[in-house]
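Chemist: Just dropping this structure here.
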Amino acid sequence: MWNNSLDLLLVHCQGEIGKVITGGAPPIPGNTLMEQMNYINTVDDSLRRFVTFEPRAHVAMSVNLLVPPKHPEADAGFIVLQADRAHPMSGSNCICVVTALLETGRVKMREPETLVKVDTPAGLIVARARCHQRRCLSVSLDNVPCFAEILDQPILTRRWGTVIADIAFGGVFYALVDAKQVGLSIEPKNARELAEAGIELKALLAKQVKVRHPELPGLDDVAYVMFRSREPDGAIRTCTTLKPGRVD
């Protein structure tokens, strides 16, 4: 455990909170960001619990730990800390990190666009930030290679019978499930039920489905259950769930 204070920036991406630890954190052992993330998850998670648990935090937010990058091209590195565990990549959190790096001067801002390369446990992310008058207005990301791992995977459940899921990788492994299979629509009034259903399905997935990234040792579990539904105009609405009871 450490005895010093932590420096955190309060950042959000369209309302989704992604605080950024900029100083005071203890060094994390590991030769790669993946090894550092696995150290947090398997050896010492005191920092993660300290910054993500009440009373200092709550489940509906994330905290991003800035770490020295290991990739030779990267400007900075970060690991996502959430209430359930540390995760290798998150789009909204990467946007928060890039915004924090630019607006604090840790990475030199260039107008009208700044290219920022960010190291993560999942690999190198290339971010393009639109900037004006020393503010970061928007960020777009080139993610790590993404792919469908398993399509139409049956999940045996007691509550809903056989549920069909697609398993895909987008920085972490997701199980994509049509919400109608669990008898729910994606809307605020169903938030708690969606969270509970997603957590239950994730536990069943861990027992019934094996995944493993072909190039990144240690990425071998389904991180999130993402419910989806199709809108009348063809758009896809989604709801990502995670322990101990969060929906995005």
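The values are calculated or read from the model by the stated rules, or taken from the named source; none is laboratory data. Model, not experiment: these values are computed from the prediction. Virtual Cβ from ideal backbone geometry, glycine too; neighbours counted across all protein chains shown. In case anyone asks, the SASA skips ligands and DNA or RNA and just uses the protein heavy atoms, side chains included. Shrake-Rupley method; radii C 1.70, N 1.55, O 1.52, S 1.80 Å.
Chemist: Calculate the FRET efficiency for Asn4 and Glu73 from the Cβ-Cβ distance with a Förster distance of 22 Å, rounded to the nearest 0.05.
Modeler: 0.10
Chemist: Hey, another quick one. Cα atoms only, the chain: Rg and Dmax in Å?
Modeler: Looking at the chain, its Cα Rg and Dmax stand at 18.4, 56 Å.
Chemist: Which value, in Å² rounded to 10, gives the accessible area of Glu215 with a 1.4 Å probe and all protein chains present?
Modeler: Rounded to the nearest 10, the figure is 150 Å².
Chemist: Hey, another quick one. Which helices, counted as full DSSP H runs in the chain, have an axial Cα extent of no less than 24 Å and a Kyte-Doolittle average of -1.0 or above?
Modeler: TM-like helix candidates: 191-208.
Chemist: On to the next question. With N set to the residue count of segment 1-40, report its C-alpha Rg divided by 2.2 N^0.38 Å to two decimal places.
Modeler: 1.43
Chemist: Taking a 32 Å limit on the Cα-Cα distance, which of the listed pairs Lys108/Lys189; Lys70/Lys210; Lys180/Lys207; Lys70/Lys243 fall beyond it?
Modeler: Check vs 32 Å cut-off fails for Lys108/Lys189.
Chemist: Next up: Whenever you get a sec, line up Thr241, Thr162 from highest to lowest accessible area (probe 1.4 Å, protein heavy atoms).
Modeler: The ranking, largest first, comes out as Thr162, Thr241.
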